[in-house]
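Heads up: the structure comes next, in structure tokens.
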Amino acid sequence: MEKWPIGVFASIDAGLGVKLSVVRELGIPTIQLHAPSRQVRTPEGAREFLDRLREIDVRLTAVFGGFEGESYADIPTVERTVGLIPRETRAARSAEMREIAEFAKLLGVDVVALHLGFVPRDTVDPLWNEAIKVTRELCDHCRGNRQALHLETGQEDADTLVRFITAVERDNLFVNFDPANMILYGSGEPIAALRKVGRWVRSVHCKDAKWAANPGKEWGQEVALGDGDVGFENYLRTLDEIGYTGPLTIEREIPQDPTRQMVEIGRAVRLLNQLKAKLAG
Ligand code: MG
């Protein structure tokens, strides 16, 4: 397989990704998919989607879980509502994640991913052991499908993430690295973080952001790729350093403005291709 094929985060009927028409329009060869709603997660839904992918010659590399009731309004709201950490929704969401893994299997995809939610920094926090337990259960379910589970980065700093993955003790648990999230959440300088979690990185997002005035207290700002503080040449050099050769999956989370989203993703594709050429030459 070609090194670093371009990808984009896509959605059918749920999530912040682009539509397949945009993927085709921009000639992007791979996608990660935000899991569609339950009505679509059927054998027929999978068949139809695979037919559509074949038609436009696109390879699906990962399926991302997301849940009703999640809100990214501000950092405390994320902590309260996102992923498998909040107790009130944990059982139902774990069950839904297993259904999403089954749907991914119908699609022939061996990577399932999600925002786990805020893993506590303090291992004495009771949520630490609860997070380990729920992650183990999900890893074990995925193993039954010969799938890996990738944790999206950002909510915790790299040291906490390494400590957590090590504590889970499952060899199908990996990282989907998102450099912009490190900036948005104020959880650490992305390049240094990438080096720390490098050995677990099996998929990545290419998304850019600017630091907040008070990182970790308020959101940074997501911006078009190349306009933020990630530094994409340095990012690609570091991906090379850690031996990552998989897809470069672009994310631009402005579904409310699809025209701008498409223009900016088109620009991101060109920028990444230029950088790939520069680094190869
Ligand atoms: Mg991301």
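The values are calculated or read from the model by the stated rules, or taken from the named source; none is laboratory data. As the structure is a computational prediction, the values presented were derived from the model and not from experiment. Every residue, glycine among them, receives a Cβ derived from its backbone with ideal geometry; neighbour counts consider all protein chains shown. We work out accessible area using only protein heavy atoms, side chains counted, and drop any ligands, DNA or RNA first. Shrake-Rupley method; radii C 1.70, N 1.55, O 1.52, S 1.80 Å.
Among DSSP beta bridges lying fully in the chain, give the percent that are antiparallel, nearest 5. Don't jump to the answer; show the numbers that get you there.
Working: 3 of 34 bridges.
The antiparallel proportion sits near 10 percent.
To the nearest 20 debye, what charge dipole does the chain have about its Cα centre, counting +1 at the Cβ of each Lys and Arg and -1 at the Cβ of each Asp and Glu? The dipole magnitude comes to about 640 debye. Of the solvent-accessible surface of segment 6-280, computed with a 1.4 Å probe and all protein chains present, 49% belongs to carbon and sulfur.
For segment 1-83, the calculated P(r), taken from all Cα-Cα distances in 10 Å bins from zero up to the bin holding the longest distance, is 17, 44, 27, 12, 0 percent. For segment 18-128, the per residue solvent-accessible surface stands at 49 Å², with DNA, RNA and ligands left out and a 1.4 Å probe. Taking 171, 257, 13 in turn, the Gaussian network model of the chain (Cα-Cα springs below 10 Å) assigns the largest fluctuation to 257. Cross-link partners for residue 278 among the aspartates and glutamates, with Cα-Cα distance under 18 Å and sequence neighbours closer than 8 places in the same chain left out: 2, 233, 240, 241. Within a straight-line Cα-Cα reach of under 26 Å, residue 105 can be paired with the following lysines, leaving aside sequence neighbours fewer than 8 residues apart in one chain: 3, 19, 133. Excluding same-chain neighbours fewer than eight residues apart, the lysines reachable from residue 217 by a Cα-Cα span under 22 Å are 207. The mean accessible area for residues of segment 222-281, using a 1.4 Å probe and ignoring ligands and nucleic acids, is 47 Å² per residue.
Pairs of Cα atoms nearer than 8 Å and 6+ residues apart set the relative contact order; for the chain it is 17 percent. Once C-alpha pairs closer than 8 Å and six or more residues apart are averaged by separation and normalised to the residue number of segment 138-187, the relative contact order reads 48 percent. Pairwise inverse Cα distances across the chain, averaged and inverted, put the Kirkwood hydrodynamic radius at 18.9 Å.
Between the listed residues 179, 7, 261, the Cα displaced farthest toward the positive end of the dipole of the chain, a dipole computed from Cβ unit charges relative to the Cα centre, is found at 7.
If packing is taken as the mean number of other Cβ atoms within 10 Å per residue, what is the order of 271-277, 69-75, 27-33, highest first?
Details: 271-277: 15.7, 69-75: 13.3, 27-33: 20.7.
Those peptides, ordered most packed to least, come out 27-33, 271-277, 69-75.
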